[in-house]
């Protein structure tokens, strides 16, 4: 049941229980394991538009974090008979293991049509639709609080200790593992810091570069984090930010963010690099955006979304800092923009941005 009172029926699957959440949709045809383990989905019920989910089973090698992250999973058909040489279990067993409720048999395209027309809504999964007034109270009282704090690392951890390349400090707001993997395979030593780490603590380690990760929730609520990011920006350490990190960097420099009508969540979003006059396909997962207002004079919007012209990338001239709204690490999705990790490491070595 959505907050406008509309009801969609299906079959209880996974670890079903009454659950309120924000209802969003993803248009990817594959990559459901990566989607389910992406911390950016914390507090959300994910509707998959592709009609069959689970047909290639699950492999824990594809996890983007240590556990499943959404509050609920909503599909048209949930496969119980997967076939793939990497498959180790069914998706339903995985949902049960991590206590995630699921509904199958739902007309997911009708749900998506509703969300596209009316915007993202809160909703509730329930097995009893009798008392609609009570359910509406449950929906209206649903709030998402400190989502970044719920998914960030609890302590510092180092990856790629045996490497000999750049030392990168990664601020974890809900990072996906493939961000770390992309740096480690480029010979970096990556130190992952909890979101509550102070700028001074990072600066004193003298990293070659800083990465600001993706993550869930409304960026404007991360007031303390934004203050620390501004200190890092002013200090001038080469910085590359992705998704939520991109939004936080804009806010730290006077920019504005706003909630999107229904967000970008999928693996085929076209992004135009204005200085190159080239367009790349990208993986995206966000419900907020930088609207371009209030940015400092040295901030250049260098990437836009081809579909709706929203901001997808910013370069901060005079500082070795650039940010993108999309996911160059993909997983799932195209790897067209993975070269941005190489651009970041070149910037870390030279101390300046060069596109």
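The values are calculated or read from the model by the stated rules, or taken from the named source; none is laboratory data. All figures in this text were calculated on a predicted structure; none of them were measured in a lab. For neighbour counting, all protein chains shown are included, and Cβ atoms are generated from backbone atoms with ideal geometry for every residue, glycine included.
Name the strands (runs of 3 or more DSSP E) wholly inside segment 259-355 in which the number of residues that are touching a helix residue (DSSP H, G or I) at 6+ places or on another chain (Cβ under 9 Å) is 3 or more.
On the way: elements: 278-290, 299-305, 311-316, 321-324.
The strands (runs of 3 or more DSSP E) meeting that bar are 278-290, 311-316, 321-324.
Looking at this structure, is residue 40 surrounded by fewer than 16 Cβ atoms within 10 Å (Cβ to Cβ) and not in a strand (DSSP E or B)? Break it down into steps so the answer makes sense when it comes.
Values: surrounded by fewer than 16 Cβ atoms within 10 Å (Cβ to Cβ): no; not in a strand (DSSP E or B): yes.
The answer is no for residue 40.
Are there any pairs, at least 6 apart or on different chains, whose C-beta atoms fall under 6 Å, with the first in segment 31-43 and closer than 14 Å to residue 95 by Cα and the second at pLDDT below 95, and if so, which?
Qualifying pairs under 6 Å: 34/331; 34/332.
Go through 51, 70 for me and flag whichever is surrounded by 22 or more Cβ atoms within 10 Å (Cβ to Cβ), within 23 Å of residue 116 (Cα to Cα) and in the same structural domain as residue 136 (by TED's automatic domain parsing). I'd like the intermediate steps shown before the answer.
Details: 51 fails: surrounded by 22 or more Cβ atoms within 10 Å (Cβ to Cβ).
Criteria check complete, one pass: 70.
Among the candidates 34, 64, which residue alone is part of a helix (DSSP H, G or I) and crowded, with 18+ Cβ neighbours inside 10 Å?
Just one listed residue meets the conditions, 34.
For residue 158, work out the one condition from (1) in contact (Cβ under 8 Å) with a residue 24 or more places away in the chain; (2) surrounded by 21 or more Cβ atoms within 10 Å (Cβ to Cβ); (3) outside any loop (DSSP other than H, G, I, E, B) it doesn't fulfil.
Here residue 158 clears every test but (2).
Which residues, counting only those in segment 223-241, are over 18 Å from residue 295 (Cβ atoms) and either crowded, with 18+ Cβ neighbours inside 10 Å or not assigned by TED's automatic domain parsing to the domain that holds residue 207 (or both)?
Once the filter is applied, which keeps residues that are over 18 Å from residue 295 (Cβ atoms) and either crowded, with 18+ Cβ neighbours inside 10 Å or not assigned by TED's automatic domain parsing to the domain that holds residue 207 (or both), segment 223-241 yields 225, 228, 237, 238.
Could we say that residue 148 is in contact (Cβ under 8 Å) with a residue 12 or more places away in the chain, within 18 Å of residue 39 (Cβ to Cβ) and in contact with a helix residue (DSSP H, G or I) (Cβ under 8 Å, 6 or more places away or on another chain) here?
Criteria met by residue 148.
Given (1) buried (at least 19 other Cβ atoms within 10 Å of the Cβ); (2) more than 17 Å from the chain's Cα centre (by Cα); (3) under 26 Å from residue 27 (Cα atoms), identify the lone condition not met by residue 264.
(2)
Identify all residues within segment 244-265 that are touching a residue at least 40 places away in the same chain (Cβ under 8 Å) and touching a strand residue (DSSP E or B) at 6+ places or on another chain (Cβ under 6 Å); write none if there are none.
245, 246, 247, 249, 250, 255, 259, 260, 263, 264, 265
Tell me, which residue of segment 170-188 that is touching a residue at least 40 places away in the same chain (Cβ under 8 Å) and assigned to a loop (DSSP other than H, G, I, E, B) is surrounded by the fewest Cβ atoms within 10 Å (Cβ to Cβ)?
186
For residue 206, state whether it is farther than 20 Å from residue 349 by Cβ and either modelled with pLDDT of 95 or more or surrounded by 13 or more Cβ atoms within 10 Å (Cβ to Cβ) (or both).
So residue 206 does not fit the description; no.
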